[in-house]
Amino acid sequence: MGETLAPTLLAESDIAKVAGYEFHRGAYALAKRPLPLNPDAVMPPGSDRATVLVLPETGDPENLGSAFRNAAALGCSGIILGPKGPYPLCRRVLRVSMGASLQLPWARIGGPEEFRALALQGFVSAASVLDPNALDLRSWRRPDRLALVFGNEAFGLSDPWLNACDLRVTLPMRGGTDSLNVATAVALFLYALGC
């Protein structure tokens, strides 16, 4: 066990200096970051039904936090992140996720080549895309072990990540809308697939 320190009272101005901004709730804590998980630890072993959310190029901390919250609420086994992007335990992601990034296992991988190793554990990878020729989410029968991949907020999935996926799935939309916020898309896909 680590050493427990006694609480220290600070003036409002001192707390603002430590936090880096004026708005705060008046309480801060210092904790050790957990060691990074190996991607194998995020993917449950065996042949049981499991869904892993893959966000290789997400760049916005609020979107990442919302995706964590949605994934936790809708039964994902874990989340795999690409080599860049927000840190899941940063203040903004933690706040938006309502603490889900502390509960749901997550890991980073180096790129599409490392991602392809998921297939060795029996996971089928499905890229969510805006493509009328992709499988329709509403009628698609998901595999038991699914790695569901979502792209960047601005440009979707890059070609290397698309090519690393086994198949492509889309959610047809109406009214001339060509895309959804990534966290919204995550929630819809996970709900429709009954993780």
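The values are calculated or read from the model by the stated rules, or taken from the named source; none is laboratory data. Small disclaimer: the values here were computed from a predicted structure and weren't measured. Note that we place each Cβ from the backbone using ideal geometry, even for glycine, and neighbour counts take in every protein chain shown.
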Open item on the list: Kindly evaluate R138 against the criterion of being touching a strand residue (DSSP E or B) at 6+ places or on another chain (Cβ under 9 Å), basic (K, R) and at pLDDT 90 or above.
Closed with: no
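Has the stretch 151-174 got at least one residue that is in a strand (DSSP E or B), touching a residue at least 60 places away in the same chain (Cβ under 8 Å) and closer than 25 Å to P61 by Cβ? Steps first, answer last, please.
Of all residues in the stretch 151-174, those in a strand (DSSP E or B) come to 152, 156, 167-170.
This time we only want the ones that are touching a residue at least 60 places away in the same chain (Cβ under 8 Å), so: 152.
Cutting the leftovers down to closer than 25 Å to P61 by Cβ gives us 152.
So far as the stretch 151-174 goes, yes, one or more of its residues are in a strand (DSSP E or B), touching a residue at least 60 places away in the same chain (Cβ under 8 Å) and closer than 25 Å to P61 by Cβ.
Suppose we filter G111, G75 for residues that are surrounded by fewer than 22 Cβ atoms within 10 Å (Cβ to Cβ), in contact (Cβ under 8 Å) with a residue 60 or more places away in the chain and of a type outside the set (V, I, T); which single one remains?
Values: G111 fails: in contact (Cβ under 8 Å) with a residue 60 or more places away in the chain.
It is G75.
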Task: For C90: the one exception among (1) surrounded by fewer than 16 Cβ atoms within 10 Å (Cβ to Cβ); (2) touching a residue at least 40 places away in the same chain (Cβ under 8 Å) - done: (2)
Open item on the list: If I ask for residues that are closer than 26 Å to D178 by Cα and either in contact with an Asp or Glu (Cβ under 7 Å, 6 or more places away or on another chain) or of a type in the set (A, V, I, L, M) (or both), which ones from the stretch 119-136 would you list?
Closed with: V124, S125, A126, A127, V129, L130, A134, L135
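Looking only at helices (runs of 4 or more DSSP H) that fall completely inside the stretch 28-99, which ones have 3 or more residues that are out of contact with any helix residue (DSSP H, G or I) (no Cβ under 7 Å at 6 or more places or on another chain)?
Here the list reads 39-42.
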- [ ] Mind listing just one residue for me: the one in the stretch 109-140 that is part of a loop (DSSP other than H, G, I, E, B) and closer than 16 Å to V42 by Cβ and, of those, nearest to the chain's Cα centre (by Cα)?
- [x] I109
Open item on the list: Here are the criteria: (1) surrounded by fewer than 16 Cβ atoms within 10 Å (Cβ to Cβ); (2) in contact with a helix residue (DSSP H, G or I) (Cβ under 7 Å, 6 or more places away or on another chain). Tell me which single one F150 does not satisfy.
Closed with: (1)
TODO: Test each condition in (1) in contact (Cβ under 8 Å) with a residue 40 or more places away in the chain; (2) in a helix (DSSP H, G or I) for D178 and report the one that comes out false.
DONE: (2)
